[in-house]
Structures are given as structure tokens and as C-alpha cells.
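Trainee: Before I ask anything, here is the structure I am working with.
Nothing in this text is a laboratory measurement; each read-out follows from the coordinates by a stated rule. Bear in mind the structure is a predicted one, so any value in this text is a computation, not a measurement. All Cβ positions, glycine included, derive from the backbone under ideal geometry; neighbour counts span all protein chains shown.
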Amino acid sequence: MKRLNIGIIGGGTVGSSALSLLWKRKALFEHMGFDLHLSPVLVRDPNKTREFEYPNVTFSDDPAVLEQADIVLALMGGTTKVLEFMLGQLKAGKPIITANKAVLAERWDALKPYSENGQLYFESSVMAGTPVIGPLCGTLRSSDTLELHAILSGTCNYILTRMEAGASYDDALIEAQDLGYAEDPPTLDVGGFDAAHKLCVLARMTVDPDFAFAKLEVKGIEGLSSERVQTAVKNGKRVKLVGSIVPNGSEWQAKVRPVILDADHPLAQAASSRNTLLFNGDACGTVIVQGGGAGGMVTASAVIGDLIDHLAGVSGHKPRPEVTKVPVGFYAEVFEEI
Ligand code: NAP
Ligand code: HSE
């Protein structure tokens, strides 16, 4: 059996669930020939009271604890400190698995080389445990993108679903925070920025390896009233926050905004914190993927899935190697924007 030292940055919603799942799958790792060992988990406050299913977990606020790790799970938010931690490990040649889409979207300048050489795994960063990054970097890459539309924010979809049922925006946001869906601060979700981070990651996997985060157009759900959301339902429609990557003249355009969809549209089928991705490729046609989009365990499932892939010899997620030709004479689906 080969000893595998795992380093973890972050012991919050995702970190604690990843630890639980690691423990539950201990036998699977043993069958794969690996004996798991945990370095102290890197957190902000090592004195906080925490309970984990994984036995004898210890904590530290000293990044030196990562030095003994063979592989690191980066499960904290932000873009500055986390990048510093990640680069230290990547430069030492270690693989990193991360759920942090903000750092991927905003610090791609520093992270892209490590994605290109297969050191970075980030399935959980977009649509949590619902697999989209792997398929888009693998099987679906044989298709050139025509259009991509997706519901990418579990928090916003949860809030909109609760508003349809009569809850106020403020109450629904507090519920989403209590359920562990929301970012810190939640403006990242309701302002549309979290969905934009994810859409930017998707753009680099599907249309342009250097798609700039600043190029994204972003509008969130903050201004929407319950009345607006409920009127849509009465008229056989749904209000959803949708991210789209579409041809626009000779360029690719990416935008996140609230739209009105027919209730039977595939994107309208995801309720609560669930997400949906609709990918239309020139060879594969329309592919629709739907599943859990936020929450500790559903995100941990993709984090641990990436670990299993890595141990099985599968490379990390690589961006599209070239800009996809913008299709001529193709008209992407247009939605009514609010
Ligand atoms: P969280 O519950 O707030 O946990 C964050 C963890 O990071 C905490 O344990 C915190 O330590 C630690 N941390 C923060 N700053 C630190 C620092 N400077 N040094 C060391 N540790 C630090 O957040 P989360 O929901 O688990 O999210 C983690 C990441 O996963 C984020 O990038 C998020 O966008 C992403 N993600 C979350 C979800 C979800 O549904 N929650 C889904 C997909 C992706 P303390 O505990 O001591 O404060
Ligand atoms: N805050 C994010 C969301 C977590 O609500 O979708 C999952 O990435």
C-alpha cells in the first residue's frame, strides 16, 4: 500500500464534507492501493470548536503544514491568500484540487500554466458535484461550441424558487446562507459574480483559453421583487439567472443576467439549489446536464472524484488549446432579459 499525505486548505462547509467523504471512502482508496494520511487542516482559526466524522483531525494556521502533503485540496474562498497557498504547492510540483472558482476566474494569469500542464483539478468549482468540467475538457471537446447556457448559482436559484412560493428575498437569502450555499460575502451570489466566475471558467474550457473575466457582462437578482417572480409563474413562465456563451458578430460573448423562460424550457426545470447546463456543439448536438449546484456534500463528491481521477492517473483539467471559430450563420437562443 502506498502512503498518501493529503493537505487540506479550509475546514468549512466544503472542507468538512470532503473530510467526511474521504473517511466514508477509505476502503475504496485502500482497494486502489493508497493508505490515506491527513496533514493538519489549514484554517484561519485553529482554536474554533469543530466536529468531523474523520477521526483525530488537527488544525493549524501555519501554511508550513502543507509541506508534507503529496496532494492539496484548496477549499477556501477568496483570490489573494488562497492563490499564495496554491502557488507555493504548484511550484513544488504538487497537484491541487480546488472548488474555488473566484481564484480560477480572476487569477488565471497565474494559474493557467498549471492547468495546461495538468496539475490543477477543478470539477467542483462549477455546478458542484454535477460533472461538467470533465466532460467539456474530455468527450465534448471533439465538438466546436455553438452556444452554452447554464444556471450556475445554487444560491440564486434557491432564492428564486423560494420567492415563487411566496418567501421574501431577504428570508430566502438567509435560508440559503444557513444551508451553506452562499459565498462570503453573499453579494458574490446575488450580484451574479459567482455565476460569472463559473461562466468564465466554462468559457476557457469551451471557446477561448484566455477569455478575460473583465469581458463578462454581469447582472444579478438583487433588484427582483417577489411579485415579479410570481407574475412570471402565473403566466406559465419562470424567472432564472442564466449565464450564456454565444456568438456575437466575430466574437464570443459571455453574460449573466435574469431572464424569463417558458416553464417547460429545459433550463427552467432546475429548482432550489440545483443547476443546469445546456451545451450545443456542432458534432454532439444539444447536451443537457442537471444536478446539485451547491452545498457541502454535493461539492465534496466532485472534490473526492477529482482525487480518485488523479490517483487513477487522469490528468487535471486543461483549457481549450485554441480559440473556437465563431460559427457563421448560426443563431443562438435569445431569452427575454429583465
Ligand atoms: P467556508 O464554509 O466559509 O469555509 C472556508 C474555510 O476556509 C474555513 O475553514 C476558513 O477557516 C478557511 N480560511 C479562510 N481564510 C483562511 C486563511 N486566510 N487561511 C487559512 N484558512 C482560511 O467556505 P465553503 O463554503 O467551504 O467554500 C470554500 C470554497 O469552495 C469557496 O471557494 C467556495 O466558493 C467554494 N465552493 C463552495 C460551495 C458551497 O456550496 N459552499 C460549492 C462549490 C464551491 P475558519 O474555519 O477558521 O474560518
Ligand atoms: N455560492 C455558490 C452557489 C456555491 O450558490 O452556487 C456553489 O458554487
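Trainee: Give a residue-ordered list of calculated ³J(HN,Hα) values for the range 71-79 (Karplus: 6.51 cos²θ - 1.76 cosθ + 1.60, θ = phi - 60°; whole Hz; x for Gly, Pro).
Mentor: 8, 10, 9, 9, 10, 10, x, x, 10
Trainee: Still on this structure: Pick out, from GLY180, LEU73, SER244, the residue whose Cα sits farthest towards the positive end of the charge dipole of the chain, with +1 on the Cβ of Lys and Arg and -1 on the Cβ of Asp and Glu.
Mentor: The listed residue farthest towards the positive side: LEU73.
Trainee: Using 0.36 nm per residue, how much length does the chain from ASP45 to SER225 gain when fully extended, once their Cα-Cα distance is taken away?
Mentor: Result for the pair: 61.0 nm of gain on full extension.
Trainee: Then there is this: Can you list residues from other chains, or at least 5 along the same chain, whose modelled amide H is less than 5 Å from the amide H of GLU147?
Mentor: Under 5 Å from the amide H of GLU147: ASN280.
Trainee: A further question on this structure: Over the chain, what is the relative contact order in whole percent, taking alpha-carbon pairs under 8 Å and six or more residues apart? Please report the intermediate quantities before stating the final value.
Mentor: On the way: 731 pairs, mean separation 75.0, N = 338.
Averaging sequence separation for qualifying contacts and normalising by length gives 22 percent for the chain.
Trainee: Would you work out the charge dipole size for the range 48-108 about its Cα centre, treating the Cβ of every Lys and Arg as +1 and the Cβ of every Asp and Glu as -1, and quote it to the nearest 20 debye? Before the final figure, lay out each step's value.
Mentor: Values: 7 positive and 8 negative charges, 48 e Å.
The dipole of the range 48-108 has a size of about 240 debye.
Trainee: Of ASN157, GLY33, CYS200, which is farthest along the charge dipole of the chain in the positive direction, counting Lys and Arg as +1 and Asp and Glu as -1 at C-beta?
Mentor: It is GLY33, whose Cα lies furthest towards the positive end.
Trainee: With charges only on Cβ, +1 for K and R and -1 for D and E, what is the dipole size of the range 221-338 about its Cα centre, in debye, rounded to 20? It would help to have the intermediate numbers written out before the result.
Mentor: Values: 11 positive and 12 negative charges, 35 e Å.
Roughly 180 debye, rounded to the nearest 20.
Trainee: With charges only on Cβ, +1 for K and R and -1 for D and E, what is the dipole size of the chain about its Cα centre, in debye, rounded to 20? Walk me through the numbers on the way to the answer.
Mentor: Numbers: 31 positive and 40 negative charges, 92 e Å.
With only Lys, Arg, Asp and Glu charged at Cβ, the dipole is about 440 debye.
Trainee: If you don't mind, there's one more thing I want to ask. Taking the mean number of other Cβ atoms within 10 Å as a proxy for protection, how do you rank 83-93, 114-124, 158-168 from highest to lowest? Please list the in-between numbers first.
Mentor: Values: 83-93: 16.5, 114-124: 21.6, 158-168: 19.6.
Descending packing order for the listed peptides: 114-124, 158-168, 83-93.
Trainee: Also, I was wondering about something else. Using DSSP H assignments, which helices in the chain have an axial alpha-carbon span of 20 Å or above and a mean Kyte-Doolittle hydropathy of 0.0 or higher? Can you show the working numbers first?
Mentor: Values: long enough: 296-311 (22 Å, 1.12).
Qualifying helices: 296-311.
Trainee: Another question, if that's okay. On a straight-distance basis, which aspartates and glutamates could pair with LYS215 in a cross-link, Cα separation under 20 angstrom, same-chain partners fewer than 8 positions away excluded?
Mentor: Reachable aspartates and glutamates: GLU106, ASP109, GLU147, ASP189, ASP194, GLU251, GLU322, GLU337.
Trainee: Can you compute the helix-only [θ] at 222 nm over the chain? Use -39500 (n - 2.57) per DSSP H run of at least 4 residues, normalise by all residues, nearest 500 deg cm²/dmol. It would help to have the intermediate numbers written out before the result.
Mentor: Details: 12 runs with 113 residues, N = 338.
Taking each H run of at least 4 residues, the total per residue is -9500 deg cm²/dmol.
Trainee: Separate question: In whole Å, how far is the Cα centre of the range 273-338 from that of the range 40-55?
Mentor: 32
Trainee: Taking the Cα atoms of the chain, what is the range of coordinates along each of the three principal axes, in descending order and whole Å?
Mentor: 58, 45, 35
Trainee: Could you list ILE221, ILE288 in order of exposure, starting from the residue whose Cβ has the fewest other Cβ atoms within 10 Å?
Mentor: Numbers: ILE221 26, ILE288 14.
So the residues, fewest neighbours to most, are ILE288, ILE221.
Trainee: Under a point spin-label approximation (7 Å from Cα along Cα-to-Cβ), what is the HIS37-ASP62 distance to one decimal in nm?
Mentor: Calculated label separation equals 1.8 nm.
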